[in-house]
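Structure record follows, encoded as structure tokens.
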Amino acid sequence: MTVDVLRVLAANGLVLAAGVGVLGLAGRGLDGPAAVALAYAAGAAAVGVVVPLALLAGLPFSLWLVGAVAVVLLAAGVARRRVAPPPPALRPSRLALVVWAGVIAVLALLFVDVLYQPLWSPDAWGIWAPKARSIVLHDALDAEFMRSYPNDADYPLLLPSLEALAYEASGRSTLLLDLQHWLLLAALPGAVAALVRDRVPALLVAALALALVVAPSLQIQAATALADFPLAVFVALTGLTAWRWLELGDRSALGLLALFAAAALATKVEARLFVGALVAVAVVLAWRSSRRTAALTAAAGAAAALVAVVPWLAWTRRHDLANYYTGGRPDRDGEESRVARAGIASVRLVAESLDPTSWLLLGLLGAAAVVLGLGSVRARRAAVLAGATMLVSLAGLVWVYLNTPFRTVDSYLDHSARRIVTSLVLLAAVFAPVLLASADEDDQASS
Amino acid sequence: MLVLGLAAAAALLLLAPARIAAELGVPVRSAVSLATLATLATTVAAGPFVLWRVVEDIRYTARLTTQQAEEIGANMNGLDERVFDRIRALVPPDATYAIEAAPDIDWRRREALPKWAGFSLLPRIRVEDPARADWVVSWGVPPSRLNLEVADETVIVAHHEAPLWYVARVVS
């Protein structure tokens with residue numbers, strides 16, 4: 001197994017190389033471990049968006065294909081050479097370094113966990129892993145195979161593409177697919193730190209990082225190899241890059257915003273709701289101060305959709321692929337009224353988002369920070385960006401549950417609510433330090 | 001573990017607020033200081049229990065053989081992976097197949113069957129309509145009862161009490 005693990009990690013070196021290139025293209029350099037983590041997340045996003053496009057163009061999947069993507073992006077990033085000086089990070093304290101050591105220790109334990117964790121979740125072996133295997137074994141996208149999964153035939157391909165990388169690199173074993181999820185979990189705290197460390201005290205960033213890797217629901221979702229976790233990572237990073245672009249005028253963040261938005265859209269269908277809400281709110285906020293910023297934000301969102309949604313949608317429509325919800329399956333009559341369904345779904349989604357047994361303090365902290373931020377001059381725009389995105393997304397999810405084809409909404413919520421709120425909880429959580437630090441600056445300025 | 005975590009969190013809440021605020025360079029009652037303290041305290045409180053659960057998880061999964069780990073989806077849903085080994089030996093890798101189960105088989109198994117087959121039998125591709133398939137795999141129902149003309153029928157006995165499995169080539 002050790003050799004297989006090393007081969008998967010080496011293959012992910014290609015993902016990291018792609019990410020280094022992406023950061024270079026965006027005008028950011030590698031200035032420490034946090035930037036390496038951001039580079040890995042950007043590489044996973046880039047590979048996960050580009051490989052499906054190559055498959056749609058008829059190219060067969062191979063490690064050579066991933067290598068070619070990495071080489072092209074790395075070369076382009078190096079060729080750009082106009083790397084802006086890194087934003088000065090707030091000084092890390094000794095205590096912050098101790099907390100980061102805790103983060104690394106927890107990640108090391110979770111690494112051992114995923115090495116032995118089999119694919120036991122029905123959604124892992126029933127939806128995502130078969131598509132990863134098919135991409136490798138059929139040497140291409142096979143519409144007939146996709147059609148054999150009528151409940152999820154048109155689910156996007158970012159996760160199967162990344163899992164195909166692990167499957168091929170490990171000598172076609174399905175036992176290390178969850179290593180891809182662990183790598184994203186390992187990158188998440190550093191990527192968040194890289195995006196907020198010039199505005200947020202180091203100890204608060206470290207505390208959030210520790211909470212992220214200890215939160216039971218994030219650990220479980222990463223270990224069970226479901227798509228909700230990578231989706232949440234990309235949605236959260238889309239949110240933070242949108243904040244950097246709008247609030248700090250960070251030009252390097254605009255490209256990353258488009259990339260992470262595209263990655264989210266290429267991961268799961270509900271990203272159209274989350275990313276759509278985020279980009280729409282960002283455009284409205286930008287419009288009030290700068291038409292140009294608003295136009296560029298809208299263009300980034302449109303570019304993400306153009307790359308990650310349109311080609312896939314065209315292919316699935318051409319091959320008549322759908323899913324359980326859009327496939328015209330007969331709607332079973334519900335037992336509850338629509339009003340009752342909306343009430344049940346709303347309460348359950350909010351309760352799941354705040355549940356400390358799933359998220360520790362992440363959901364509550366995010367919600368409190370948004371409320372606090374709305375009352376602060378410096379934090380208000382960021383609070384509106386995060387808060388309005390979450391409210392619109394929650395309303396959209398309630399609408400989905402309202403129209404569920406299941407007889408009772410409870411059974412559907414039991415199966416999905418905890419996972420589907422992951423993106424919103426993570427988005428709120430990564431905004432919390434930004435909002436709290438800005439609100440504190442307000443207080444200190446006024447006192 | 002829970003007691004250990006709670007004790008550590010209590011110690012943090014009692015002893016660390018001033019230190020944390022000093023490290024952050026903000027007043028003790030500022031939002032940043034309180035949020036940092038609360039986040040650290042809850043994480044420290046839950047940490048030992050959460051990580052103990054992970055260790056217990058590893059103690060279980062590390063004992064699984066490679067074969068048990070690969071077949072866990074089948075085993076958890078009452079499907080016998082040895083049957084799928086036989087099916088792989090009978091149905092060529094480039095063939096398509098349809099899969100059917102008798103209605104009296106437990107609905108959980110019937111629901112899991114096509115998904116597990118789709119995963120386990122790759123690169124063979126499952127099709128919904130048996131008449132369009134190269135092969136038909138049926139559980140508890142002979143292919144002759146599926147209104148299909150078949151050949152090369154093989155019966156697989158998974159377990160002396162379990163329904164029989166049938167694998168047959170569809171004659172078009």
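Here, each number is a calculation from the coordinates, and none is a lab measurement. Please read all numbers here as calculations on a predicted model, not as lab measurements. Neighbour counts are summed over all protein chains in view; Cβ atoms, including those assigned to glycine, are modelled from backbone coordinates with ideal geometry.
Region A:393-423: which trypsin sites (Lys or Arg not before Pro) are DSSP loop and have at most 14 other beta-carbon atoms within 10 angstrom?
Taking region A:393-423 and a limit of 14 other Cβ atoms within 10 Å, the loop trypsin sites (Lys or Arg not before Pro) found are A:Arg407.
Please work out the Cα center distance from region A:286-302 to region A:384-403, rounded to the nearest Å.
So the separation of the two Cα centres works out to 22 Å.
In terms of the Cα gyration tensor, with a ≥ b ≥ c the square roots of its eigenvalues, is chain A rounded because a/c is under 1.5, prolate because a/b exceeds b/c, or oblate?
Because its axes are fairly even, with a/c under 1.5, chain A counts as rounded.
Given labels modelled 7 Å from the Cα in the Cβ direction, how far is it in nm from B:Asp104 to B:Thr66?
Here the answer is 4.1 nm between the modelled labels.
Using DSSP to call loops (not H, G, I, E or B), can you name the trypsin sites (Lys or Arg not before Pro) in region A:1-97 whose Cβ has at most 13 other Cβ atoms within 10 angstrom?
Sites meeting the loop and neighbour criteria: A:Arg81, A:Arg82.
DSSP loop GluC sites (Glu not before Pro) in region B:72-172 with at most 15 other Cβ atoms within 10 Å of their Cβ, which ones?
Taking region B:72-172 and a limit of 15 other Cβ atoms within 10 Å, the loop GluC sites (Glu not before Pro) found are B:Glu128, B:Glu149, B:Glu161.
Could you work out the helix-only [θ] at 222 nm for chain A, with each DSSP H run of four or more residues adding -39,500 (n - 2.57) and the total divided by the number of residues, to the nearest 500 deg cm²/dmol?
That comes out to -24500 deg cm²/dmol.
Calculate the dipole size of the protein assembly as shown relative to its Cα centre from +1 charges on Lys and Arg beta carbons and -1 charges on Asp and Glu beta carbons; express the result in debye to the nearest 20.
It comes to approximately 2040 debye.
What residue among A:Ala429, A:Ala445, A:Leu372 has its Cα farthest toward the positive end of the dipole of region A:346-447, where the charges are +1 on Lys, Arg and -1 on Asp, Glu, each on the Cβ?
A:Ala429
Could you give the nm distance between label points at A:Ala84 and A:Val284, where each point is 7 Å from its Cα heading toward the beta carbon?
2.7 nm
Can you give the FRET efficiency to the nearest 0.05 for B:Glu128 and B:Phe49, using r as the Cβ-Cβ distance and R₀ = 35 Å?
E between B:Glu128 and B:Phe49, to the nearest 0.05, is 0.15.
How would you rank B:Glu23, A:Glu247, going from fewest to most other Cβ atoms within 10 Å of each one's own Cβ?
A:Glu247, B:Glu23
With a point put 7 Å past each Cα toward its Cβ, work out how far A:Arg318 is from B:Leu13 in nm, to one decimal.
Placing both labels 7 Å along Cα→Cβ, they lie 6.1 nm apart.
Quick one: longest stretch of chain B between exposed loop trypsin sites (Lys or Arg not before Pro), exposed meaning at most 12 other C-beta atoms within 10 Å and loop per DSSP?
B:64-172
Which residue, A:Ile104, A:Pro92, A:Leu208, has the largest displacement toward the positive end of the dipole of chain A when charges sit on each Cβ (Lys, Arg +1; Asp, Glu -1)?
So the residue furthest toward the plus end is A:Pro92.
Counting each DSSP H run of 4 or more residues in chain B as -39500 (n - 2.57), what helix-only mean residue ellipticity at 222 nm follows after dividing by all residues, to the nearest 500 deg cm²/dmol? Provide the component values of the computation, followed by the final result.
On the way: 7 runs with 87 residues, N = 172.
For chain B, the value works out to -16000 deg cm²/dmol.
For region A:1-70 and region B:1-60, what is the separation of their Cα centres, given in Å?
What the calculation gives is 35 Å, centre to centre.
State the Cα centre-to-centre distance between region A:92-124 and region A:161-237 in whole Å.
9 Å
Applying 1/(1 + (r/R0)^6) with R0 = 45 Å to the Cβ-Cβ distance of A:Ser447 and A:Asn151, what FRET efficiency is obtained, to the nearest 0.05? Kindly include the intermediate steps, with their values, before the conclusion.
Details: r = 57 Å, r/R0 = 1.27.
Rounded to the nearest 0.05, the efficiency is 0.20.
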